[in-house]
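Visitor: Let me give you the structure first, and then I'll get to my questions.
The values are calculated or read from the model by the stated rules, or taken from the named source; none is laboratory data. Treat the numbers as computed from the prediction; the structure is a model and nothing was measured. For neighbour counting, all protein chains shown are included, and Cβ atoms are generated from backbone atoms with ideal geometry for every residue, glycine included. Side chains are part of the model used for accessible areas, which takes the heavy atoms of the whole protein and leaves out ligands, DNA and RNA. Shrake-Rupley method; radii C 1.70, N 1.55, O 1.52, S 1.80 Å.
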Amino acid sequence: MDIKLSVQGVLTDPKTETQVVLLRAEDNKEVLPIWVGAVEGNAIKFALEGILSGRPMTHDLLKSMLEHLGLRIQKVIITEIKNNTYYALIYLESGGSLFSIDSRPSDAIALALRSHVPIYTTDEVFKQRAGDSLDAWLARLSPKDFGEHTA
Amino acid sequence: MLQMKVRGLMYDPFNNAFIIILRDEQEKEVLPIWIGKPEAGAISFALEGVFTPRPMTHDLMKNILESSHAKVISIVITDLKDNTYFAKIHVYYQDSEYTIDSRPSDAIALALRADAPIFATDSVIQKHSTEELDRWLDNLRPEDFGKYDA
C-alpha cells in the first residue's frame, strides 16, 4: 500500500558533509530519513523554502522542460532500499499514456516539490528502513567508538 | 553561429569556481564560461565517461527525454550579459521543435550526454572579447601602471 509522505526538512549531517531529508508519513507520522548529497539537499531546500535563484537551477530546468513538452508529472514513489541505496520512480503522463522513470529519491523529491505533486512510499520501505538504518549505523562505527569507558 | 567543442575544464582558484573552455572547430575562438562546482562535476562525469550506479540529475533528464522519444537537436549559447551567459536547449518532440532557456552549464551537461552539438552565436563571441577586455581593465591595479616610468 502506498503511504503519502510530506517533506519535513533537510538537515546537514556534520560527520559526513551529506544532508538528510526527513520525510514523514502523513498517516502515522513515522519518519523516513534519506541521506542525499549536498547539491541534491540544496535543491530540495530551495524548493521547500521557496527560494528563487536568479537563474533556473537544474531541477527548475527539468520542470520547465517537462512543461514545454507537455509531459505531466503525476507523482513520485520511493520504491525500495537495497544496500542502503534508496530507489524512486517518477510517474509521467503524456497524451493519455502513463510511464515511469527510474530516479534517485533526491531528484524525485526536488522535482515533486517544484511541480506540487505527491510523494509516496510503500510499507516495505518503512519495514526495510528499520533494519537498514541500524545496519548503516553499525557499519559506520569505528573501533574508537568502543571501549572509551574501559578501566 | 559557430559550432563549439568542449576543450577543457579548469579550476579557477581566485574565484573558487570552474571554467569550461569551448573552442570552435577551427580553433580560432575560445569561449571560457565560469560555472559552479556541482555543474563542473556534471560536465566532467560526461567528459570522462564516468559511470555512476544511479542516474545523476542530467542523466535523469536524458532518460526522460529518451523515454518520451524526444531528441535534443542542439544547444546554443545565446547571450552574454554582465558576465552571465545564457543558453537555449532545442528539443524535437512529436513533430515540433521546442526551445527551453537554460544555464550554459546545464545545457552543456545535457548536450554531452545526448551527443548533441553545441553552438555559440556570433554576438556572444564578439561580446565575450569585449567583456573580457573590460574585466581585464577592471582588474588592473595602480601598481600595474607606470612600471616603465623613467
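Visitor: Accessible area of B:Asp122, 1.4 Å probe, to the nearest 10 Å²?
Guide: For B:Asp122, the solvent-accessible surface is approximately 80 Å².
Visitor: Give A:Lys82/B:Lys71; B:Lys62/B:Lys88; B:Lys5/B:Lys81; A:Lys75/B:Lys62 a once-over and call out the pairs whose C-alpha atoms are over 26 Å from each other.
Guide: Violating the 26 Å Cα-Cα cut-off are A:Lys82/B:Lys71.
Visitor: By the gyration tensor of its Cα atoms, with a ≥ b ≥ c the square roots of the eigenvalues, what is the shape of region B:1-124: rounded for a/c under 1.5, prolate for a/b over b/c, or oblate?
Guide: Because a/c hits 1.5 or more and a/b fails to exceed b/c, region B:1-124 counts as oblate.
Visitor: Heavy-atom accessible area per residue, region B:2-53, 1.4 Å probe: how many Å²?
Guide: 60 Å²
Visitor: I would also like to ask the following. Could you please report the charge total around A:Ala43, scoring K, R as +1 and D, E as -1 over all other residues with beta-carbon less than 13 angstrom from its beta-carbon?
Guide: After counting each charged neighbour, the total is -2.
Visitor: Please compute the average number of Cβ atoms from other chains found within 10 Å of each residue's Cβ in peptide A:53-65.
Guide: Mean shielding by partner chains, rounded to a whole number: 6.
Visitor: How many square angstrom of accessible surface are buried between B and A, both sides summed, with a 1.4 Å probe and rounding to 100?
Guide: So the buried area, both faces added, is about 2400 Å².
Visitor: Would you mind computing, in nm to one decimal, how far apart the modelled labels at A:Val20 and A:Asp123 are, each placed 7 Å from Cα along Cα→Cβ?
Guide: Modelled inter-label distance: 2.7 nm.
Visitor: So what's the angle, to the nearest 10 degrees on a 0 to 90 scale, between helix B:122-138 and the longest Cα principal axis of chain B?
Guide: 40 degrees
Visitor: Probe radius 1.4 Å, ligands and nucleic acids ignored: give me the carbon and sulfur share of the accessible area of region A:2-145 as a rounded percent.
Guide: Answer for region A:2-145: carbon and sulfur cover 54 percent of the accessible area.
Visitor: Can you compute 3J(HN,Hα) from phi for each residue in region A:56-65, using the Karplus curve 6.51 cos²θ - 1.76 cosθ + 1.60 with θ = phi - 60°, rounded to whole Hz and x for Gly and Pro?
Guide: x, 7, 4, 6, 5, 4, 4, 4, 5, 5
Visitor: Could you tell me how many degrees, from 0 to 90 and to the nearest 10, lie between the Cα long axis of helix B:37-48 and the main elongation axis, the longest principal axis, of the Cα atoms of chain B?
Guide: 60 degrees
Visitor: Still on this model: Taking amide H atoms as placed 1.01 Å from N in the peptide plane, list the residues 5 or more away in sequence, or in a different chain, whose amide H sits under 5 Å from that of A:Gln8.
Guide: For A:Gln8, whose amide H was placed from the backbone, the distant partners under 5 Å are A:Leu22, A:Leu23, A:Arg24.
Visitor: Further question: Say each of B:Asp82 and A:Glu93 gets a label point 7 Å from the Cα, pointing the same way as Cα to Cβ; how far apart are those two points in nm?
Guide: Between B:Asp82 and A:Glu93, the label points sit 4.1 nm apart.
Visitor: Still on this structure, please answer the following. Using DSSP loop states and a limit of at most 13 other Cβ atoms within 10 Å to flag chymotrypsin sites (Phe, Trp or Tyr not before Pro), what is the longest stretch of chain B containing no flagged site?
Guide: That would be B:52-144.
Visitor: Across region B:49-64, in residue order, what do the Karplus-derived ³J(HN,Hα) couplings come to in whole Hz, using 6.51 cos²θ - 1.76 cosθ + 1.60 with θ = phi - 60° and x for Gly and Pro?
Guide: Listing the rounded values in order: x, 6, 9, 9, x, 10, x, 7, 4, 6, 5, 4, 4, 5, 4, 5 Hz.
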